[in-house]
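K.L.:
Have a look at this one before I ask anything.
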Amino acid sequence: MNIVVLTGAGISKESGLNTFRDEGGLWAGHKVEDVATPEAFVRNPALVHDFYNQRRAQLFESAVKPNAGHLALAEFEKDGKANSFLLVTQNVDNLHEQAGSKNLLHMHGDLLSVRCTSCGHKQADWKEQHTTETICTACSVKGTTRPDIVWFGEMPYFMDEIYKALMNCDLFMAIGTSGHVYPAAGFVELANAAGARTVEFNLDHSAVSHAFDEHLLGSASETLPKFLKNI
Ligand code: APR
């Protein structure tokens, strides 16, 4: 069985990280156009750096760790029950890595990576403050690095690999995502076209619930381990 999993902010909510559109979520405190677009970064790089510095710092708080949902996915992948298992995340946190997931693609980038707009170098495992004074570790130019996050209006990463996996999958699972942001919200349609079984795991209904064969309503930390035990 070929499996593709898509996760969103909902799987990290129970680990203490805010979602975007829930009550009190990340977009409640900020306007997308002020912190998550290339234009915002040109207009006010310090504000954008501050937004991502705060979110990066949260990852190192002792209370923020993988929950049963993250761990169940990593366990299932390790058990090797699937012929192929691809985990695509819209999340930029490192909770899937901490849980032990291996075949993992961050389609919206990664909080722990910074990218140089001058030489293109990506510095992984970036833990400290990232500012306009930061010097690229490859070309040594100051002030040319940016968060390695895919902002609105930019092309998500790994799309060829993701589309290929979706065309060949037998099971597509979307976990903790509201289905508001494309192209991720459209993955279920590709999985349906491939004849896959499509299952949505969410506390509520999403904007694309109509396209799924099945819905497991509830917290992913409960619904996901149960589901994975029985496939
Ligand atoms: N278990 C399952 N689902 C949950 C849980 C939970 N414990 N808690 C919240 N959810 C669901 C919510 O019902 C909602 O549908 O998670 C979803 C979170 O939706 P969003 O906040 O919109 O996050 P996401 O879908 O990941 O956003 C997609 O939008 O802002 C951009 O780039 C950003 O990657 C992000 C993209």
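The values are calculated or read from the model by the stated rules, or taken from the named source; none is laboratory data. Because the structure is a prediction, the values reported are computed rather than measured. All Cβ positions, even for glycine, are placed from backbone atoms using ideal geometry, and neighbour counts span all protein chains on display. These area figures cover heavy atoms from the full protein model, side chains too; ligands, DNA and RNA do not enter into them. Shrake-Rupley method; radii C 1.70, N 1.55, O 1.52, S 1.80 Å.
K.L.:
Mind checking which pairs have a first residue in segment 164-188 that is of a type in the set (Phe, Trp, Tyr) and a second that is part of a loop (DSSP other than H, G, I, E, B) and surrounded by fewer than 24 Cβ atoms within 10 Å (Cβ to Cβ), Cβ under 7 Å, 6 or more apart or different chains?
P.N.:
So the pair list comes out as Phe172/Ala196.
K.L.:
While we're here: Looking only at residues in segment 175-218 that are under 24 Å from Lys78 (Cβ atoms) and open to solvent by 30 Å² or more (accessible area, probe 1.4 Å), which one is farthest from the ligand (Cβ to nearest atom)?
P.N.:
Here the residue is Arg197.
K.L.:
What are the pairs with Cβ atoms under 9 angstrom where one residue, in segment 21-41, is small (Gly, Ala, Ser) and the other, located anywhere, is more than 11 Å from the ligand (Cβ to nearest atom) and open to solvent by 30 Å² or more (accessible area, probe 1.4 Å)? Sequence gap at least six, or different chains.
P.N.:
Here the result reads Ala40/Lys31; Ala40/Glu33; Ala40/Asp34; Ala40/Leu47, each pair linking segment 21-41 to a residue that is more than 11 Å from the ligand (Cβ to nearest atom) and open to solvent by 30 Å² or more (accessible area, probe 1.4 Å).
K.L.:
Look through segment 86-142, keep the residues that are of a type in the set (Ser, Thr, Tyr) and in contact with a Ser or Thr (Cβ under 8 Å, 6 or more places away or on another chain), and return whichever of them is farthest from Asn18 (Cα to Cα).
P.N.:
Filtering first and then ranking leaves Ser118.
K.L.:
Output the number of the condition that Glu222 fails; it satisfies all remaining conditions of (1) more than 25 Å from Lys81 (Cβ to Cβ); (2) within 12 Å of the ligand (Cβ to nearest atom); (3) among the charged types (D, E, K, R).
P.N.:
Of the numbered conditions (1) more than 25 Å from Lys81 (Cβ to Cβ); (2) within 12 Å of the ligand (Cβ to nearest atom); (3) among the charged types (D, E, K, R), the odd one out for Glu222 is (1).
K.L.:
Which of (1) among the aromatic types (Phe, Trp, Tyr); (2) surrounded by fewer than 18 Cβ atoms within 10 Å (Cβ to Cβ); (3) near the ligand (Cβ under 9 Å from one of its atoms) is the odd one out, the single condition Tyr163 does not satisfy?
P.N.:
(3)
K.L.:
Further question: Taking Ser140, is it open to solvent by less than 60 Å² (accessible area, probe 1.4 Å), of a type outside the set (A, V, I, L, M, F, W, C) and modelled with pLDDT of 95 or more?
P.N.:
no
K.L.:
Being assigned to a loop (DSSP other than H, G, I, E, B), of a type outside the set (S, T, N, Q) and open to solvent by less than 90 Å² (accessible area, probe 1.4 Å) is the filter here; which residues of segment 65-75 pass it?
P.N.:
Pro66
K.L.:
Could you look through segment 1-20, keep only residues that are over 13 Å from the mean Cα position of the chain (by Cα) and touching a residue at least 60 places away in the same chain (Cβ under 8 Å), and pick out the one that is nearest to the ligand (Cβ to nearest atom)?
P.N.:
Glu14
K.L.:
Going through segment 76-128 one residue at a time, which ones are surrounded by fewer than 13 Cβ atoms within 10 Å (Cβ to Cβ), at pLDDT 95 or above and among the basic types (Lys, Arg)?
P.N.:
Lys78, Lys102
K.L.:
I've got another one for you. Helices (runs of 4 or more DSSP H) wholly in segment 1-64 with at least 1 residues that are open to solvent by 60 Å² or more (accessible area, probe 1.4 Å) and among the small types (Gly, Ala, Ser) - which ones?
P.N.:
Correct list: 26-29, 45-58.
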